[in-house]
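First comes the structure, then the notes that go with it.
The values are calculated or read from the model by the stated rules, or taken from the named source; none is laboratory data. On a predicted model such as this, the values are computed, not experimentally measured, just so you know. As a convention, Cβ positions derive from the backbone with ideal geometry for all residues, glycine included, and neighbour counts pool all protein chains shown. In case anyone asks, the SASA skips ligands and DNA or RNA and just uses the protein heavy atoms, side chains included. Shrake-Rupley method; radii C 1.70, N 1.55, O 1.52, S 1.80 Å.
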Number of protein chains: 2
Amino acid sequence: MPVGTAATVKGLTQDALEELGAGIILANTYHLSLRPGHELIRKLGGLHRFMAWPRAILTDSGGFQVFSLSELRKITDTGVTFRSHLDGSEHLLTPEKAVEIQMALGSDIAMVLDECIATPASRDVAEAAMKRTTLWARRARDYFTEKAGRNGDSGAAQWQFGIVQGATFAELRRESARQLLEMDFPGYAVGGLAVGEPHAVTCEMTGEAAALLPRDRPRYLMGVGRPEQIADYVSLGIDMMDCVLPTRAARHACIYTSEGRVLIKNARYAQDERPLDTACSCAVCKRYTRAYLRHLFAAGEITAAILATHHNVHFYLDIMRQIREAIGFGNLAKFSSAMHARYASGPA
Amino acid sequence: MPVGTAATVKGLTQDALEELGAGIILANTYHLSLRPGHELIRKLGGLHRFMAWPRAILTDSGGFQVFSLSELRKITDTGVTFRSHLDGSEHLLTPEKAVEIQMALGSDIAMVLDECIATPASRDVAEAAMKRTTLWARRARDYFTEKAGRNGDSGAAQWQFGIVQGATFAELRRESARQLLEMDFPGYAVGGLAVGEPHAVTCEMTGEAAALLPRDRPRYLMGVGRPEQIADYVSLGIDMMDCVLPTRAARHACIYTSEGRVLIKNARYAQDERPLDTACSCAVCKRYTRAYLRHLFAAGEITAAILATHHNVHFYLDIMRQIREAIGFGNLAKFSSAMHARYASGPA
């Protein structure tokens, strides 16, 4: 899922996203509830209509941004009090409030509020946060179930996903998953990973959780990942991911290609008439050269971000297409090894 | 002509420009000769190939930017010495050099180097600059004619335009035009106007020059104009114009519409579900609301610039389409009055 924090994937129009074949995007509840405000979006017919995007939208709970962006957080079992990073105003986010905001946004998939902790964390801290996450998930599930019946179209059509927590402790991950399963969510996420721990640990924890989650419901690993890691997660049972990497890297002139990363501002590309990726079929690679992209970045042109983002998002969506194909042919492990090999060395 | 200073119209891809129906764009010789350098562009097959734009390109001579952007200008009959605004390096721009650079770029229309003066100017200053402009035009014409025969494809296919100068002195404008006519250019520009003088004076000077220039060759008024002024210039005989206004205003949240300017960041648009312009058929007006555009600008999103630029460039190109239609129906004056009426009041 490309990330559209403020109801736009930075640098791409909705027309471009459709052309790229994006079937679902992620939008951030924290940002949208503060600006322009979820009540405004509700009034204007919900997020789909507001941003003119008829395809699927997943909204997070806002919890992760409260923990990473805002100031003066105070966490109790009730919820989390924080100050807006925009104007310093104080807000209380509770499991019920996170449900309400996402119903106002009218996303297709809404996430429960979970407690995100600083890492690395001790077992005690991780266990307490996991238990509170379970408590909050229960309240969110009850509130959602109660509201969904009488909240009109957008609420009724929404799916709510639970989030497995437990930091890097396998036992906590399993316990978290088992507790959430009792609440019968239509899909499950794995949160609090890829926040600094080694890739092997991310995979181990993801595997512990995914193995317990139902195969016939979406399993979503939050906030990942690097191009070469995606197939690893899929092989562990993950169906959905979101990541700002393709769009953020693009704005910083880091291009993902089938041969690894290309730092396009490098002088070596000044006269390079090849496309960004010779194996790519995107609209940017069909038309423009590396030399031209390098020039646009050197000149600080907006068009540089537009073109680079288009290519990188195409590259990421194409990884998923290739993975589906590899699964069909039974050679996902081979695809994964090849990706790791290409991305093992530094950028070119 | 939309302005693509550094080989890109800020915020628009070449695909978008084609969709908008732009048949010709302007690129700035000063900027491109400094970065990435005209020799690099020549090596990569010329500007058309470099920026992947097969439609027409007009390049200016670089003179206007030398006079407005660079430091330490020293002007003699030989040419103008200046320091780059990028790195302070010293350069000498002569009439011949301006021809050479534009041949390297391989634009379809190349402009002669003219002397641009600060305004308002005394008659003496204006006359001296006009005479030097004539001298430089003669040298540029001779050099171009000599080179065109032996400079390969791009040089041979290029047209060279002369530039009428003379500040706000009708007699000087006429003298300048008559002197240029002797050099038999395939098209003529009127320069040094719309730089602070009243619109009536711009029109008077444009009319003086245009009346002497051949009707069967393109007449180009440089660096204009505001939406309500364009029909005035056309009615004086002008066929071509260039202006950064639609693209620059768009990036500053100023939207041109059939009802006047809309400053889209205004709070009054927060819940406005209408398109930017209810009478507009562009891709942005078909899909997005004012409320959404306002939100994108408030959040400082790149997509705001992309969408607003798309609309404004469509609006400007559409003015020209409407003007051609009005000429066909014999009611250009009526169209002009209507535009002035709509843009007489301040922005909404």
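Data table
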{"quantity": "Residues whose placed amide H lies under 5 Å from that of A:LYS10, excluding near-sequence neighbours", "calculated": "A:THR5"}
{"quantity": "Distribution of pairwise C-alpha distances over segment B:267-313, 5 Å bins, in %", "calculated": "5, 26, 33, 26, 10, 1"}
{"quantity": "Summed residue charge, Cβ within 14 Å of A:LEU245's Cβ, Lys/Arg positive, Asp/Glu negative", "calculated": "+3"}
{"quantity": "Reciprocal of mean inverse Cα separation for segment B:293-348 (Kirkwood radius, Å)", "calculated": "13.3 Å"}
{"quantity": "Chain A, helix-only ellipticity at 222 nm - DSSP H runs n ≥ 4, -39,500 (n - 2.57), divided by all residues, nearest 500", "calculated": "-14500 deg cm²/dmol"}
{"quantity": "Net charge contributed by nearby residues that have their C-beta within less than 13 Å of B:GLN160 (K/R +1, D/E -1)", "calculated": "-3"}
{"quantity": "Sequence-separation-based contact order of segment B:275-348, relative, with Cα cut under 8 Å and 6+ spacing, percent", "calculated": "21 percent"}
{"quantity": "Sulfur and carbon atoms: percent of accessible area, segment B:17-80 [1.4 Å]", "calculated": "51 percent"}
{"quantity": "For A:ALA189, distant residues with modelled amide H under 5 Å away", "calculated": "A:GLY162, A:ILE163, A:VAL164, A:TYR220"}
{"quantity": "B:ASP108 accessible area, assembled protein chains, probe 1.4 Å, Å²", "calculated": "50 Å²"}
{"quantity": "Summed buried accessible surface, chains A and B, 1.4 Å probe, nearest 100 Å²", "calculated": "3500 Å²"}
{"quantity": "Nearest-first distances (nm) between copies at A:LYS265, label 7 Å from Cα via Cβ", "calculated": "2.6"}
{"quantity": "Alpha carbon Rg of segment B:228-333, scaled by the compact-globule rule 2.2 N^0.38 Å", "calculated": "1.14"}
{"quantity": "Antiparallel DSSP beta bridges within the protein assembly as shown, as percent of all bridges there, nearest 5", "calculated": "35 percent"}
{"quantity": "Positions from segment A:2-16 whose accessible area shrinks by 30 Å² or more when the full protein complex is built, not the chain alone, probe 1.4 Å", "calculated": "A:ALA6, A:THR8, A:LYS10, A:GLY11, A:THR13, A:GLN14, A:ASP15"}
{"quantity": "Pairwise Cα inverse-distance average, inverted: Kirkwood Rh of segment B:136-238 (Å)", "calculated": "14.3 Å"}
{"quantity": "Accessible solvent surface per residue of segment A:213-341, calculated while the other protein chains remain in place, 1.4 angstrom probe, Å²", "calculated": "41 Å²"}
{"quantity": "Charge dipole magnitude, Cβ of K and R +1, D and E -1 - segment B:1-99, Cα centre, debye nearest 20", "calculated": "140 debye"}
{"quantity": "Residues along segment B:270-310 losing 40 Å² or more of accessible surface when the other protein chains are present rather than the chain by itself (probe 1.4 Å)", "calculated": "B:GLN271, B:GLU273, B:ARG287, B:TYR288, B:TYR292, B:HIS295, B:GLU301, B:ILE302, B:THR303, B:ILE306"}
{"quantity": "Members of segment B:35-61 that become less accessible by 40 Å² or more once partner protein chains are added (1.4 angstrom probe, chain alone as reference)", "calculated": "B:ARG35, B:LEU40, B:LEU44, B:PHE50, B:ALA52"}
{"quantity": "J(HN,Hα) series, segment A:13-23, from Karplus relation 6.51 cos²θ - 1.76 cosθ + 1.60, nearest Hz, glycine and proline x", "calculated": "7, 5, 4, 5, 4, 5, 4, 6, x, 5, x"}
{"quantity": "Debye-sum result for segment A:56-141 in log10 I(q)/I(0), which assumes one identical scatterer on each alpha carbon, at q = 0.14, 0.22 Å⁻¹", "calculated": "-0.48, -1.11"}
{"quantity": "Hits among aspartates and glutamates - C-alpha to C-alpha of B:LYS131 under 19 Å, sequence gap 8 or more where chains match", "calculated": "B:ASP77, B:GLU96, B:ASP114, B:GLU115, B:ASP142, B:GLU171, B:GLU175, B:GLU182, B:ASP184, B:GLU208"}
{"quantity": "1.4 Å probe accessible area per residue over segment B:28-139, in Å²", "calculated": "42 Å²"}
{"quantity": "Descending semi-axes in Å of segment B:1-84, equivalent ellipsoid built from Cα gyration tensor", "calculated": "27, 14, 10"}
{"quantity": "Entries in B:LYS10/B:LYS334; B:LYS265/B:LYS286; A:LYS286/B:LYS265; A:LYS265/B:LYS97 that, when Cα-Cα distance is taken, lie over 27 Å", "calculated": "B:LYS10/B:LYS334; A:LYS286/B:LYS265; A:LYS265/B:LYS97"}
{"quantity": "Copy-to-copy label separations for B:ARG35, where each label sits 7 Å from Cα toward Cβ, in nm and ascending", "calculated": "2.8"}
{"quantity": "Cα-derived Rg to Rh of the protein assembly as shown, Kirkwood definition", "calculated": "1.06"}
{"quantity": "Beta bridges per DSSP with both ends in chain B, % antiparallel, nearest 5", "calculated": "35 percent"}
{"quantity": "Under the Karplus curve 6.51 cos²θ - 1.76 cosθ + 1.60, θ = phi - 60°, whole-Hz ³J(HN,Hα) for segment B:45-56, x wherever Gly or Pro sits", "calculated": "x, x, 5, 4, 6, 4, 9, 6, 10, x, 7, 5"}
{"quantity": "Candidate residues A:TRP53, B:TRP159: accessible-area rank, largest first, probe 1.4 Å", "calculated": "B:TRP159, A:TRP53"}
{"quantity": "Net charge of Cβ neighbours under 9 Å - reference B:MET222; Lys, Arg +1; Asp, Glu -1", "calculated": "-2"}
{"quantity": "Descending Cα extents along the principal axes, segment A:76-215, whole Å", "calculated": "43, 40, 23"}
{"quantity": "C-alpha long axis of helix A:95-105 to longest principal axis of chain A, angle in °", "calculated": "50 degrees"}
{"quantity": "Nearest-first distances (nm) between copies at A:LEU181, label 7 Å from Cα via Cβ", "calculated": "9.3"}
{"quantity": "Of all accessible heavy-atom area on segment B:256-348, the percent that carbon and sulfur account for (1.4 Å)", "calculated": "52 percent"}
{"quantity": "Percent RCO, i.e. relative contact order, over segment B:161-319, from Cα pairs under 8 Å lying at least 6 residues apart", "calculated": "16 percent"}
{"quantity": "Heavy-atom accessible surface of segment A:142-255: percent carbon and sulfur, 1.4 Å", "calculated": "50 percent"}
{"quantity": "If the convex hull is drawn through the Cα atoms of chain B, its volume per residue in Å³", "calculated": "138 Å³"}
